[in-house]
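K.L.:
Got a structure for you, questions after.
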Ligand SMILES: Cc1ncc(COP(=O)(O)O)c(C=O)c1O
């Protein structure tokens, strides 16, 4: 079974080494430059969106719904890439007080420039975001549209395939001697928000033919919005399941 994937990111991203950083940290540190995955849509989310938006296109969606904080990187990347693909984006953005105007700066400015529809919701509504987006999707369906809901951070099993693929990319870079030799890293340290990146590194280490052999050390960058470990385990097991069923074709990807 071939899982659809779009090729949206500039890959492979470089692995770089900075001796000054080694001295600061007290260990040999390599940096995976995923800030270089794209232009304005750069960051870690575009890797997840390659799988999620390929699926959205496969099921012929017309509108993509997702959520995040007002300055969400994920919402910004979704808005930009959806516009590029000719899909409408509807973003549910968490604001302390949605009745107050929110300054159109940073990611919010890019969301607007990409033509996304924005709906500001308060923290209580945001806690119930999956239902809020589900209701909006139902309303869109009733109007004849084909909505596609992407969870916070693009973190479900399908989105998690983005970093399963990224771990494979790192393995290939090591094999090609691009990080000082084939020896695997002892630990991968990465930012953790919605948990999808952590899920991917766990799934990649456990389920790839050639285990990577490195533990993942997520470091939280945003307040927990999910249910602790479940936010990591659910996408991880779901991604692992997708990797298993896709194994006969070695995660062959298709360009949409
Ligand atoms: C730039 C950046 N890196 C990493 C992360 C963490 O990724 P994840 O949501 O998969 O835990 C986020 C999300 O909050 C992010 O914006």
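The numbers here are math on the coordinates, done by the rules we state, and not lab data. Since this is a predicted model, take the numbers as computed values, not measurements. Cβ atoms come from the backbone with ideal geometry, glycine included; neighbour counts cover every protein chain shown.
K.L.:
How large is the convex hull of the Cα atoms of the range 109-185 per residue, expressed in Å³ as a whole number?
P.N.:
176 Å³
K.L.:
If you don't mind, another one. How big is Rg to Rh over the range 45-152, alpha-carbon atoms, Rh as the Kirkwood inverse-mean-distance radius?
P.N.:
Dividing the radius of gyration by the Kirkwood radius yields 0.94.
K.L.:
Tell me, in nm to one decimal, what length is gained between residue 183 and residue 25 on full extension, where the rule is 0.36 nm per residue of separation less the Cα-Cα distance?
P.N.:
Gain on extension, residue 183 to residue 25, equals 54.9 nm.
K.L.:
I need the peptides 58-67, 122-131 ranked by packing, meaning the mean over residues of other C-beta atoms within 10 angstrom, with the highest value on top.
P.N.:
58-67, 122-131
K.L.:
Order these by the 10 Å Cβ neighbour count, fewest first: 52, 161.
P.N.:
Ascending Cβ contact count within 10 Å gives the list 52, 161.
K.L.:
A follow-up question, please. From zero up to wherever the largest Cα-Cα distance of the range 75-213 sits, split into 5 Å bins and tell me the percent of pairs in each.
P.N.:
For the range 75-213, the binned pair fractions read 2, 9, 14, 16, 16, 13, 10, 9, 7, 3, 1, 0 percent.
K.L.:
Hey, another quick one. Please grab the % of Cα pairs in the range 8-63 that end up more than 12 Å from each other.
P.N.:
Here the tail beyond 12 Å accounts for 70 percent of pairs.
K.L.:
What percentages make up the Cα-Cα pair-distance distribution of the range 48-99 when the bins are 10 Å wide from 0?
P.N.:
That works out to 25, 52, 18, 4, in percent per bin.
K.L.:
Normalized C-alpha radius of gyration of the range 103-149, against 2.2 N^0.38 Å?
P.N.:
Ratio of Rg to 2.2 N^0.38 Å for the range 103-149: 1.34.
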